[in-house]
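Enquirer: Structure below; questions to follow.
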Amino acid sequence: MLRVEHLTKTYQSGGRPLTVLENVSFGIEPGTTCAIIGSSGSGKTTLLGLAAGLDRATSGEVYLKNHALHQLDEDDLAVIRNRHIGFIFQSFQLIPTLTALENVMVPVELRGVSYDYVAGEAQRLLSEVGLEGRIDHYPSQLSGGEQQRVAIARAFIHKPDILFADEPTGNLDSETGEQIEDILFDLNKKLGTTLVIVTHDPDLAARCDRVIRLKRGVIASDSASGVDSENEKVVNGVAP
Ligand SMILES: Nc1ncnc2c1ncn2[C@@H]1O[C@H](COP(=O)(O)OP(=O)(O)OP(=O)(O)O)[C@@H](O)[C@H]1O
Ligand SMILES: [Mg+2]
């Protein structure tokens with residue numbers, strides 16, 4: 001589904017280069033769930049943005065369903081994102097001039113599906129995240145957790161093959177957070193949606209098939225390879 005090879009991202013910061021991701025490589029099988037963990041500033045959001053084709057690496061390659069994202073121009077990237085990728089941002093990125101319902105409809109409206117059909121689906125999704133009474137609210141009239149739930153409904157509406165979620169439950173109380181988690185994992189089970197979830201929540205990470213831990217821009221451990229490079233130790237009995 002997804003393969004990243006030797007990804008490096010370097011920012012110019014105050015005239016000096018700052019490498020925030022260095023030589024990161026991994027592949028994710030279709031229909032699986034993967035958590036990306038690591039302390040604040042370790043490069044998780046940066047990695048997600050590169051893998052989802054929202055940002056470009058300084059060097060390295062990104063393949064999504066055999067599309068070489070690093071070789072596509074902006075227009076072709078937008079088509080791939082709209083067709084295959086869902087993204088839940090750490091900062092919700094709702095459009096302030098659109099209501100909750102309209103925000104959820106955006107990804108599919110762009111594709112020219114009938115308005116009534118999309119509106120019906122958007123209402124259904126908003127009910128699923130517990131916002132049936134808020135569909136006409138603008139983002140400024142919603143709480144942080146409610147905005148996050150609108151962003152989650154929006155990420156589901158076009159039934160993406162792969163969903164990238166950046167701390168999807170970070171702003172929610174534990175009960176709502178668990179409901180959102182259940183929706184994510186249901187989507188994975190029912191539709192086979194591949195999930196890549198950045199999280200600080202150990203329980204959420206534990207629900208995923210695989211956990212990749214970043215430390216200062218490099219992979220410190222990956223439960224799929226069984227290697228914890230930080231301690232140079234072998235876990236799960238698998239040799240490096
Ligand atoms: N546009 C930018 N210019 C310079 N440095 C940046 C830029 N964007 C991010 N960084 C730096 O890159 C590093 C990684 O940022 P990133 O947002 O990927 O971290 P993160 O692991 O998602 O952290 P958090 O858990 O706090 O969300 C940070 O140290 C950040 O300061
Ligand atoms: Mg982040």
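Enquirer: Starting from the amide H of residue 220, placed 1.01 Å from N in the peptide plane, find each other amide H under 5 Å away whose residue is 5 or more places distant or on another chain.
Expert: Under 5 Å from the amide H of residue 220: 213, 214, 215.
Enquirer: Below 12 angstrom from the Cβ of residue 74, what's the summed charge of the other residues (Lys, Arg +1; Asp, Glu -1)?
Expert: Numbers: positive: 56, 81; negative: 55, 73, 75, 76.
Overall, the nearby charge balance is -2.
Enquirer: Among 135, 197, 157, what is the fewest-to-most ranking by other Cβ atoms within 10 Å?
Expert: 135, 157, 197
Enquirer: Based on Cα positions only, what radius of gyration and what Dmax would you give for the chain, in angstroms?
Expert: 18.1, 56
Enquirer: Given contacts defined as C-alpha pairs under 8 Å and at least six residues apart, what's the relative contact order of segment 46-98, whole-number percent?
Expert: Normalised by residue count, the contact order of segment 46-98 is 26 percent.
Enquirer: For segment 101-197, rounded, prolate or oblate, judged on the Cα gyration tensor with a ≥ b ≥ c (square roots of eigenvalues), a/c < 1.5 rounded, else prolate if a/b > b/c?
Expert: Working: a/c = 1.80, a/b = 1.09, b/c = 1.66.
It is oblate, given that a/c is not under 1.5 and a/b is not larger than b/c.
Enquirer: Pull out a ≥ b ≥ c, the square roots of the eigenvalues of the alpha-carbon gyration tensor of segment 39-97, then state rounded if a/c is under 1.5, prolate if not and a/b is larger than b/c, and oblate in the remaining case.
Expert: oblate
Enquirer: Would you calculate, for the chain, the mean residue ellipticity at 222 nm contributed by helices, counting each DSSP H stretch of 4 or more residues as -39,500 (n - 2.57) and dividing by all residues, to the nearest 500?
Expert: When only DSSP H runs of four or more count, the value is -10000 deg cm²/dmol.
Enquirer: Continuing with this model, one more query. Each residue of segment 80-90 in turn: what ³J(HN,Hα) in whole Hz from Karplus with 6.51, -1.76, 1.60 and θ = phi - 60°, glycine and Pro shown as x?
Expert: 4, 4, 5, 7, 10, 10, x, 9, 10, 7, 5
Enquirer: Could you tell me the relative contact order of segment 2-234? Use alpha-carbon pairs under 8 Å, at least six residues apart, and round to a whole percent.
Expert: Answer for segment 2-234 is 27 percent.
Enquirer: Could you point to the residue in 21, 188, 152 farthest towards the positive end of the chain's charge dipole, with +1 and -1 charges on the Cβ of Lys/Arg and Asp/Glu respectively?
Expert: 21
Enquirer: Quickly work out the residue 190-to-residue 136 label distance, labels modelled 7 Å from Cα along the C-beta direction, and quote it in nm with one decimal.
Expert: Rounded to a tenth, the inter-label distance reads 2.8 nm.
Enquirer: So how do 213, 56, 149 line up by other beta-carbon neighbours within 10 Å, fewest first?
Expert: Working: 213 21, 56 15, 149 28.
Ordered by Cβ neighbours within 10 Å, fewest first: 56, 213, 149.
Enquirer: As a footprinting exposure proxy, order 20, 4 by other Cβ within 10 Å, with the fewest listed first. Mind showing how you got there, number by number?
Expert: Details: 20 19, 4 22.
The fewest-first ordering by Cβ neighbours comes to 20, 4.
Enquirer: Here is a further query. Let me spell out the model: positive unit charges on the Cβ of Lys and Arg, negative unit charges on the Cβ of Asp and Glu, origin at the Cα centre of the chain. What dipole size does that give, in debye rounded to 20?
Expert: For this selection, approximately 500 debye.
Enquirer: Report the extension gain between residue 83 and residue 95 in nm, rounded to one decimal, defined as 0.36 nm multiplied by the number of residues separating them, less their alpha carbon distance. Write down the numbers at each step before the final one.
Expert: Details: separation 12, 0.36 × 12 = 4.32 nm, distance 2.03 nm.
Extending this stretch completely gives an extra 2.3 nm.
Enquirer: To continue, here is another question. With angles folded into 0 to 90 degrees, how steeply does helix 115-128 sit against the dominant principal axis of the chain? Use alpha carbons for both and round to 10.
Expert: That helix lies at roughly 70 degrees to the long axis.
Where a number appears in this text, it was derived from the coordinates with a stated rule and is not lab data. Note that the structure is a prediction, hence the values are computed from the model and not measured. In this analysis, Cβ positions are derived from the backbone assuming ideal geometry, glycine residues included, and neighbour counts consider all displayed protein chains.
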